[in-house]
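Some notes on the structure that comes next.
The values are calculated or read from the model by the stated rules, or taken from the named source; none is laboratory data. Quantities reported herein were computed from a predicted structural model and do not represent experimental measurements. Cβ atoms come from the backbone with ideal geometry, glycine included; neighbour counts cover every protein chain shown. We work out accessible area using only protein heavy atoms, side chains counted, and drop any ligands, DNA or RNA first. Shrake-Rupley method; radii C 1.70, N 1.55, O 1.52, S 1.80 Å.
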Number of protein chains: 2
Amino acid sequence: MEEKIKKLWDETRELSLGTSPQIPRLETPPRALEFLRDYVSPNKPLIISSSAKCLFPATTLWSSPDYLVNTLSASPVSLHLTPSGNADSLTPISPHSLCFASPHVENLPFSEALSKIKNSALGENSVVAYAQQQNDCLRLEYSAIAADIEDHIGWATDALGCKPEAVNLWIGNEFSQTWFHKDHYENLYAVVTGEKHFLLLPPTDVHRMYIQDYPAAQYHYSKDTGEFKLELEDPIRYVPWCSVNPYPSPDTKKRDMARFPLYFKGPKPFECTVKAGEILYLPSMWFHHVRQTPDSRGLTVAVNYWYDMRFDLKYAYFNFLQSLACSRVDVKDKEYQCLKSCDASASKVENGLDVVHLASGYDSDVSDDVETHEHSVCP
Amino acid sequence: MEEKIKKLWDETRELSLGTSPQIPRLETPPRALEFLRDYVSPNKPLIISSSAKCLFPATTLWSSPDYLVNTLSASPVSLHLTPSGNADSLTPISPHSLCFASPHVENLPFSEALSKIKNSALGENSVVAYAQQQNDCLRLEYSAIAADIEDHIGWATDALGCKPEAVNLWIGNEFSQTWFHKDHYENLYAVVTGEKHFLLLPPTDVHRMYIQDYPAAQYHYSKDTGEFKLELEDPIRYVPWCSVNPYPSPDTKKRDMARFPLYFKGPKPFECTVKAGEILYLPSMWFHHVRQTPDSRGLTVAVNYWYDMRFDLKYAYFNFLQSLACSRVDVKDKEYQCLKSCDASASKVENGLDVVHLASGYDSDVSDDVETHEHSVCP
């Protein structure tokens with residue numbers, strides 16, 4: 001099966017996506033018909049370089065030092081706080097285990113939120129703040145500036161046959177990143193200031209993400225102590241999430257490459273930088289990992305338009321592919337087991353932390369106590 | 001695997017195609033964008049009821065008793081002759097074996113061709129004639145009447161981004177039918193007079209067609225004896241072809257249902273009748289079986305427009321799906337074996353007829369000499 005799935009990865013690239021990791025670019029926006037035929041229907045990403053018109057005057061106004069603060073003034077906004085800039089991502093919750101960690105969300109006046117974002121940093125007792133409330137927030141919390149940018153992208157709306165379901169604003173700095181995941185939306189991602197750096201994998205490559213169930217946990221931040229506490233949800237709840245960190249630290253790189261060979265040894269992910277004034281069409285179901293570079297003020301500001309996707313043949317094929325076990329891989333770490341494939345299923349295990357331990361096997365200490373065994377890659 | 005593939009059949013229907021065997025209809029032609037978004041991109045058939053405009057004046061002229069003969073007069077055309085009306089289909093070549101039989105092709109003046117088509121019949125020493133040269137024949141052999149019908153379908157050309165690669169004319173009567181197969185084209189199938197009856201299966205259902213390699217054979221018709229001779233090509237050449245006859249005779253029905261359970265016990269095929277003045281959008285890669293009912297003159301006349309398909313994600317998914325063995329089915333006929341999955345591959349077998357025998361196991365006599373064994377469904 002592994003060879004057949006690998007052939008699918010290759011064929012998708014050879015026939016349609018291209019074998020270079022670059023994303024095609026158009027200088028000017030496509031006609032709706034062309035966008036639909038050449039990108040949406042074949043589920044193929046695209047960058048439009050000169051999209052400034054539909055992002056105007058946001059591209060000018062939002063870059064000025066005081067405009068956002070003056071206009072939003074005391075508007076209360078949602079700010080996501082984490083100690084390391086990884087919201088909605090896998091995080092160690094004990095020496096032996098990973099969880100799916102959601103950020104602490106604070107509601108505070110925009111001016112305070114913005115200074116917290118600017119002051120984000122890594123280090124001891126650090127706080128990384130990211131305005132990334134994905135609930136149509138541009139038209140809700142940020143309604144005072146919503147008119148600075150088109151409320152939909154004309155050619156995309158015509159092509160997709162509907163207006164966006166949600167329009168979200170993102171304000172962060174270089175310390176915030178978004179872990180590999182996919183969305184069930186057609187996504188038009190417009191960068192207003194700064195730059196966004198995307199790693200992209202097509203849905204055909206689902207097995208390369210090593211999706212597993214992780215227990216959900218929540219960060220709680222205390223202003224008094226300036227410390228974060230990470231707590232598992234009670235009752236325990238599992239979230240299927242991508243296991244691969246594409247930028248492992250030097251300490252974990254070797255282990256990660258051995259654990260996730262389909263990712264690290266497969267075709268290079270597609271890669272692109274989306275600059276201010278550019279729009280990325282990020283097709284539905286594509287896995288994406290996002291980092292950012294701030295502008296001279298220390299901010300990256302972006303708006304994404306989520307359009308409803310069609311749940312059609314491509315989606316059915318994806319579900320079918322995902323239902324297949326890709327390969328039996330030697331894993332030199334008996335702790336690295338997939339909950340979905342082993343008997344110790346969540347419902348049979350009483351102790352939450354034991355489950356966590358089984359689900360992630362994060363602990364590198366156990367690597368000395370190895371036992372080679374076959375492991376069927378999930379899902 | 002069988003359960004997962006069956007789930008794919010169901011999910012494709014539930015999400016996109018619908019669970020009834022009917023094909024959706026539009027009263028009037030769609031806009032290009034709508035056609036692309038709602039039918040081509042999701043690979044979904046459609047009938048357009050009032051397409052008369054782009055088929056005019058053919059729908060009027062070609063129905064008149066003498067117009068075709070008068071206009072085409074002595075134009076030489078290609079006529080396909082078979083004893084049973086099954087061109088390009090599986091046919092017994094010996095008591096024990098099936099082959100892929102191509103028709104005898106004769107080049108003769110249109111008036112003679114037309115009277116042979118009208119006189120087609122089944123029975124001893126019968127000849128069934130079908131004008132079905134699929135080489136852009138409307139614009140070649142039938143150029144004298146090509147201007148009676150649009151040379152492309154405007155909204156389809158806009159949607160697909162190109163003009164048709166081929167436009168073919170089909171003239172036959174009720175004795176000609178087309179065996180299940182698929183084309184690597186987007187197909188706009190316009191009926192001008194009479195009716196066409198389609199059975200349709202989506203590409204996801206490829207395993208239900210039991211595609212196997214059959215040896216190619218050719219009909220040779222002798223005017224002197226009025227008899228057909230069916231001869232295997234030399235050197236032997238294999239053609240992968242659908243094994244299922246959806247309309248088995250009462251004699252073979254029970255055996256066929258036991259041999260092809262994925263077809264006969266799976267979801268009903270989609271089914272439609274396309275009437276004069278209607279157009280069927282037959283999406284690329286869909287398996288289709290076609291029969292016809294003639295008009296009052298005893299003729300069915302149709303034109304199909306083949307547009308280039310996109311070899312994109314859907315095609316890659318199809319190839320992947322097709323590469324998987326669906327199931328191990330009990331086959332109570334040890335002669336029913338698939339060449340692709342058994343050791344006796346074509347290259348190892350010297351005697352062509354032995355190969356035929358292995359490939360098809362057509363002989364029903366052996367059913368008394370049964371031995372239940374597991375058989376991996378090809379491809």
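For residue A:231, the conditions (1) under 30 Å from residue A:106 (Cβ atoms); (2) part of a loop (DSSP other than H, G, I, E, B) all hold with the exception of (2). So, in segment A:156-187, exactly how many residues are within 14 Å of chain B (Cβ to nearest Cβ) and surrounded by fewer than 20 Cβ atoms within 10 Å (Cβ to Cβ)? The qualifying residues number 5.
Can you work out which of the residues in segment B:197-221 that are over 30 Å from residue B:295 (Cβ atoms), of a type in the set (Ser, Thr, Tyr) and outside any loop (DSSP other than H, G, I, E, B) is nearest to the other protein chains (Cβ to nearest Cβ)?
Applying the first criterion (over 30 Å from residue B:295 (Cβ atoms)) to segment B:197-221 yields B:202-218, B:220.
Next, only the ones that are of a type in the set (Ser, Thr, Tyr) stay: B:204, B:210, B:214.
Now restrict to residues that are outside any loop (DSSP other than H, G, I, E, B): B:204, B:214.
Numbers: B:204: 7, B:214: 25 Å.
So the residue we want is B:204.
Taking segment B:300-320 as the range and being crowded, with 22+ Cβ neighbours inside 10 Å, in contact (Cβ under 8 Å) with a residue 12 or more places away in the chain and over 19 Å from the mean Cα position of the chain (by Cα) as the test, only B:314 passes. Residues that are surrounded by 14 or more Cβ atoms within 10 Å (Cβ to Cβ) and either farther than 16 Å from residue B:86 by Cβ or touching a Ser or Thr at 6+ places or on another chain (Cβ under 8 Å) (or both) within segment B:216-230 comprise B:216, B:217, B:218, B:219, B:228, B:230, listed in sequence order.
Being surrounded by 20 or more Cβ atoms within 10 Å (Cβ to Cβ), under 27 Å from residue B:62 (Cα atoms) and at pLDDT 95 or above is a description that applies to residue B:190.
Only residues that are touching a strand residue (DSSP E or B) at 6+ places or on another chain (Cβ under 8 Å), modelled with pLDDT of 90 or more and open to solvent by 50 Å² or more (accessible area, probe 1.4 Å) were counted in segment A:113-129, giving 1.
Restricting segment B:1-38 to residues that are buried (at least 16 other Cβ atoms within 10 Å of the Cβ) and more than 14 Å from chain A (Cβ to nearest Cβ), the residue that is nearest to residue B:272 (Cα to Cα) is B:23. Note on segment B:302-321: residues that are among the hydroxyl-bearing types (Ser, Thr, Tyr) and under 28 Å from residue B:195 (Cβ atoms) total 2.
Does residue A:267 fit the bill of being surrounded by 15 or more Cβ atoms within 10 Å (Cβ to Cβ) and out of contact with any helix residue (DSSP H, G or I) (no Cβ under 7 Å at 6 or more places or on another chain)?
For residue A:267, the condition - surrounded by 15 or more Cβ atoms within 10 Å (Cβ to Cβ) and out of contact with any helix residue (DSSP H, G or I) (no Cβ under 7 Å at 6 or more places or on another chain) - is not met.
Within segment B:44-63, the set of residues being more than 10 Å from chain A (Cβ to nearest Cβ) and open to solvent by 10 Å² or more (accessible area, probe 1.4 Å) comprises B:49, B:50, B:52, B:53, B:54, B:56, B:57, B:59, B:60, B:61, B:63.
Of the residues making up segment B:1-31, those that are touching a Gly at 6+ places or on another chain (Cβ under 8 Å) and in a helix (DSSP H, G or I) are B:6, B:9. Between B:323, B:243, B:296, the distinction of being among the hydroxyl-bearing types (Ser, Thr, Tyr), touching a residue at least 60 places away in the same chain (Cβ under 8 Å) and farther than 20 Å from residue B:80 by Cβ belongs to B:243 only. Identify, from the list A:89, A:41, the residue that is free of Cβ contacts under 8 Å to residues at least 40 places away in the same chain and surrounded by 19 or more Cβ atoms within 10 Å (Cβ to Cβ). Exactly one of A:89, A:41 is free of Cβ contacts under 8 Å to residues at least 40 places away in the same chain and surrounded by 19 or more Cβ atoms within 10 Å (Cβ to Cβ), namely A:41.
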